[in-house]
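Have a look at the structure below before the remarks.
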Ligand code: PEP
């Protein structure tokens, strides 16, 4: 039985006061959220604030990206070692905003995933098709290619240590959510891709759904057999919404 995982992706939002209040509200509810895993991914600059606020609680911390290299002359970048030092366990890799706005490719996503694993972070690898790709019936081939390039880089045995987030690009921040049938269909397709290469990995690997998940649609999505949690953007900035989603899990 895979434990549900709910991850809040704050994106480029927040100040210290907001981080303080949001973390305090979530930590306060953690004792009532048994049998699920919860992680928060604030911007790098708020990690320390979030670490202080979540210290001693079950609420885990993650980052939204990392550099593929170890420490060195990479101005503006943040290494896996720095993230570990800041208290991160998790790191989101290959979010569609990083792919479309910052030129990340399947190759860089694979390399970052390998770097995270090698340095003891748990990668949450994002995959998902655009609206055009779905309209033209390419959604499964796009997702298959995105996932396979990560598998080729890290090896199928290491896939048990990654979490996959299926995030249809057309559903991110748009208020449009994949129906439970659409989401379950893609999650099952992803699990089949893993199973065809390694049965145990397919059973162990958590596959999260992301894309306008809210309190009012969470339970139908999280009730699907291959949906093992959520990667939540906008709704994770509101403690009541985020906690509502967590309770549905
Ligand atoms: C995300 O950024 O990963 C995301 C799913 O955003 P939203 O929930 O706002 O659609």
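The values are calculated or read from the model by the stated rules, or taken from the named source; none is laboratory data. Everything quoted here is computed from the prediction, not taken from an experiment. No Cβ is skipped: glycine too gets one built from the backbone with ideal geometry, and neighbour counts run over all protein chains shown.
Going by the structure shown, is residue 243 at pLDDT 95 or above, crowded, with 19+ Cβ neighbours inside 10 Å and in contact with a helix residue (DSSP H, G or I) (Cβ under 6 Å, 6 or more places away or on another chain)? So residue 243 fits the description; yes. Mind checking whether some residue in segment 3-24 is surrounded by fewer than 18 Cβ atoms within 10 Å (Cβ to Cβ), in contact with a strand residue (DSSP E or B) (Cβ under 6 Å, 6 or more places away or on another chain) and assigned to a strand (DSSP E or B)? The answer is no; no qualifying residue exists. You will find that of 177, 136, the residue that is in contact with a helix residue (DSSP H, G or I) (Cβ under 6 Å, 6 or more places away or on another chain) and farther than 26 Å from residue 116 by Cβ is 177 and no other. Out of 210, 234, one residue alone is touching a residue at least 40 places away in the same chain (Cβ under 8 Å), within 20 Å of residue 122 (Cα to Cα) and within 11 Å of the ligand (Cβ to nearest atom). It is 210. Candidates 56, 120: the one that is outside any helix (DSSP H, G or I) and farther than 25 Å from residue 205 by Cα is 56.
What do you reckon, is residue 202 buried (at least 16 other Cβ atoms within 10 Å of the Cβ) and within 15 Å of the ligand (Cβ to nearest atom)? Spelling it out, it is not the case that residue 202 is buried (at least 16 other Cβ atoms within 10 Å of the Cβ) and within 15 Å of the ligand (Cβ to nearest atom). Can you tell me which residues in segment 113-137 are away from the ligand (no atom under 16 Å from the Cβ) and surrounded by 15 or more Cβ atoms within 10 Å (Cβ to Cβ)? 113, 114, 115, 116, 117, 119, 121, 122, 133, listed by residue number. Of all the listed residues (147, 101), the sole one being closer than 20 Å to residue 188 by Cα and at pLDDT 95 or above is 147. Here are the criteria: (1) surrounded by 14 or more Cβ atoms within 10 Å (Cβ to Cβ); (2) within 16 Å of the ligand (Cβ to nearest atom); (3) not in a helix (DSSP H, G or I). Tell me which single one residue 197 does not satisfy. The number of the failed condition is (2).
Being assigned to a loop (DSSP other than H, G, I, E, B), within 20 Å of residue 4 (Cβ to Cβ) and either more than 16 Å from the ligand (Cβ to nearest atom) or in contact with a strand residue (DSSP E or B) (Cβ under 7 Å, 6 or more places away or on another chain) (or both): is that true of residue 186 here? The answer is no for residue 186. In the set 51, 98, only one residue is within 16 Å of the ligand (Cβ to nearest atom), free of Cβ contacts under 8 Å to residues at least 60 places away in the same chain, at negative phi and assigned to a helix (DSSP H, G or I); that residue is 98.
A single member of 61, 33 is surrounded by 19 or more Cβ atoms within 10 Å (Cβ to Cβ), under 23 Å from residue 209 (Cα atoms) and away from the ligand (no atom under 16 Å from the Cβ), and it is 61. Residues in segment 68-90 include none that are within 19 Å of residue 237 (Cβ to Cβ) and in a helix (DSSP H, G or I). Close Cβ contacts (under 7 Å, 6 or more residues apart or on different chains) running from residues in segment 171-195 that are farther than 19 Å from residue 142 by Cβ and without any contact (Cβ under 8 Å) to a residue 40 or more places away in the chain to residues that are in a helix (DSSP H, G or I) and away from the ligand (no atom under 16 Å from the Cβ) comprise 195/202. The residue that is nearest to residue 141 (Cα to Cα), counting only those in segment 101-110 that are touching a residue at least 12 places away in the same chain (Cβ under 8 Å) and surrounded by fewer than 20 Cβ atoms within 10 Å (Cβ to Cβ), is 106.
For segment 150-174, a residue qualifies if it is within 8 Å of the ligand (Cβ to nearest atom) and either on the phi > 0 side of the Ramachandran plot or part of a loop (DSSP other than H, G, I, E, B) (or both), and the qualifying residues are 167, 172, 173, 174.
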